[in-house]
Amino acid sequence: MRGRPFPVPRERRPFEEGSELNDLRIGVVGTGAIGRKHIKRISESLKGGNVVAVSDVAADGARQVAEEYGARFVADGYELIAADDVDAVIVSSWDPTHKDYVMACLEQGKYVFCEKPLATDSAGCREIVDAEMALGKRLVQVGFMRRYDRGYRQLKEVIDSGEIGTPLIMHCAHRNANMGPQYEDDYMITQVAIHEIDIVQWLLSDTYDRVRVLLPRSAGATNGVYHDPQIVLIETANGVCIDVELFMNCQFGYDIRCQAVGEKGIASLSDPSYPEISRDFQRGSKVADGWEARFTDAYAVELQEWIDSVRSDRAAGPNSWDGYAASVTADALLRSRDIQDYCSVDLPERPDFYRDSSVR
Ligand code: ISE
């Protein structure tokens, strides 16, 4: 991070409806799997945004993407962030680089959409929160795309309506088909459980008290290098108990489950990917092969809403505090895994600055 003082928020270009000249000019730092998908979405199906510049440490891949989508290749991510023709930035680079790129966007007074995690630990997230508050304007959105998934939004409506009564227990599962032997224990929390950490507190409008990681026997696909599956247990301030099964080598597909048990009924997440078919005395449906297939609609809604809100000069969606809160919980889980006991989640109270868009 370059230690320049924070400027006052910049004057926005006025955006007008119906004119391509007024598209939000987006720079993307990180053209790996998800960055590339975002660029494709913005270029081919979303409205109001245009990818003008891309950057990645893997320069050859980024040059290819630049050519395919008519964008400029910029070798240095910081140069891209500072470029005059870039109005707003998407950070979809390697996780450990997120924090410094987001800080650079704040220094430039530019809106930034950062893939989760906002930083690899809570101290990094806190730096971003403090810098944004010092700037006095919210510019950061974190890529917790599940908040844009139709099934999760319906689940939240049911819980909020009181239809199933007070929530008592949440059962969740987050399964990937295959991660092979190269995976790492920490990723199970910082890249995987981080989704449940965010979405469940959002569903319940609650905060977390204490957490624990359980380590069942591991599946053979790990070659004994990391623990898979793992079970995350969370207790909320309101006394709800949450269990999350994390299983990175379940073999059969990408499978996301979430069930709220209330005092008057149960609400379960619907899976929008494939219809259920009954035929030849059998009933069933396909299972998605990965996160892009399962959450493709959610990603599209998420990015469209980001483009729309930035064009009207306001931040919406999951904010830096949400990224920080998730990371404080993740840090507690990592400690719990290491000491094999419960750890408390010590999160300060959410400042008013971050209050309005935290719960959509
Ligand atoms: C992966 O690490 C992610 O980042 C995806 O968002 C998540 O859906 C997937 O299950 C993880 O493996």
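The values are calculated or read from the model by the stated rules, or taken from the named source; none is laboratory data. Because the structure is predicted, anything quoted here is derived from the model rather than measured. Ideal geometry is used to build each Cβ from the backbone, glycine not excepted, and the neighbour counts take in all protein chains shown.
A few points about this structure:
- Residue in region 233-247 that is surrounded by fewer than 17 Cβ atoms within 10 Å (Cβ to Cβ), closer than 21 Å to residue 143 by Cβ, under 22 Å from the mean Cα position of the chain (by Cα) and not small (Gly, Ala, Ser) present: no
- Counting only residues that are of a type in the set (Phe, Trp, Tyr) and within 16 Å of the ligand (Cβ to nearest atom), region 191-222 holds 1 of them.
- Figure legend. Inter-residue proximity from region 285-296: first residues more than 16 Å from residue 38 (Cα to Cα), second residues within 8 Å of the ligand (Cβ to nearest atom), beta-carbon distance below 8 Å, spacing 6+ or different chains. Indicated pairs: 287/254; 288/254; 288/294; 289/254.
- Remark: residue 139 falls outside the filter, which requires a residue to be over 17 Å from the mean Cα position of the chain (by Cα) and either aliphatic (A, V, I, L, M) or within 16 Å of the ligand (Cβ to nearest atom) (or both).
- Qualifying residue in region 23-41 (condition: surrounded by 12 or more Cβ atoms within 10 Å (Cβ to Cβ), among the acidic types (Asp, Glu) and modelled with pLDDT under 95): yes
- Set side by side, the residues 259, 304, 282 differ, and just one is touching a Leu at 6+ places or on another chain (Cβ under 8 Å), modelled with pLDDT of 95 or more and farther than 20 Å from residue 204 by Cα, which is 304.
- Filtered residues of region 251-284 (kept if part of a loop (DSSP other than H, G, I, E, B) and either surrounded by 11 or more Cβ atoms within 10 Å (Cβ to Cβ) or aromatic (Phe, Trp, Tyr) (or both)): 251, 252, 253, 254, 265, 269, 270, 271, 272, 273, 274, 281
- Whenever a residue of region 321-337 is free of Cβ contacts under 8 Å to residues at least 60 places away in the same chain, its partners that are surrounded by fewer than 24 Cβ atoms within 10 Å (Cβ to Cβ), lying with C-beta atoms within less than 6 angstrom and at least six residues away or across chains, give the pairs 335/343.
- Selection of region 278-297 for residues being aromatic (Phe, Trp, Tyr) and more than 10 Å from the ligand (Cβ to nearest atom) yields only 281.
- Matching residues in region 298-312 - criterion: being surrounded by fewer than 19 Cβ atoms within 10 Å (Cβ to Cβ), part of a helix (DSSP H, G or I) and away from the ligand (no atom under 16 Å from the Cβ): 304, 305, 308, 309
- Only a single criterion out of (1) within 16 Å of the ligand (Cβ to nearest atom); (2) over 15 Å from the mean Cα position of the chain (by Cα) is not satisfied by residue 318, namely (2).
- Residue under evaluation residue 225, criteria (1) outside any helix (DSSP H, G or I); (2) within 13 Å of the ligand (Cβ to nearest atom); (3) β-branched (Val, Ile, Thr), criterion not met: (2)
- Among (1) without any contact (Cβ under 8 Å) to a residue 40 or more places away in the chain; (2) within 16 Å of the ligand (Cβ to nearest atom), the one test that residue 274 misses: (2)
- Only one entry of 231, 169, 164 meets the criterion of being closer than 23 Å to residue 269 by Cα, more than 13 Å from the ligand (Cβ to nearest atom) and free of Cβ contacts under 8 Å to residues at least 60 places away in the same chain, and that entry is 231.
- Tally, over region 83-99, of residues that are out of contact with any Lys or Arg (no Cβ under 9 Å at 6 or more places or on another chain) and part of a helix (DSSP H, G or I): 3
- Within the set 315, 326, the sole residue that is closer than 28 Å to residue 124 by Cα, surrounded by 17 or more Cβ atoms within 10 Å (Cβ to Cβ) and modelled with pLDDT under 95 turns out to be 315.
- Which listed residue is surrounded by fewer than 18 Cβ atoms within 10 Å (Cβ to Cβ) and of a type outside the set (Phe, Trp, Tyr), from 143, 109, 124: 109
- Tabulated pairs, region 184-195, first touching a residue at least 60 places away in the same chain (Cβ under 8 Å), second within 8 Å of the ligand (Cβ to nearest atom), C-beta under 6 angstrom, 6+ apart or interchain: 194/116
- Selection within region 76-106 - surrounded by fewer than 22 Cβ atoms within 10 Å (Cβ to Cβ), more than 16 Å from the ligand (Cβ to nearest atom) and of a type in the set (Ser, Thr, Tyr): 78
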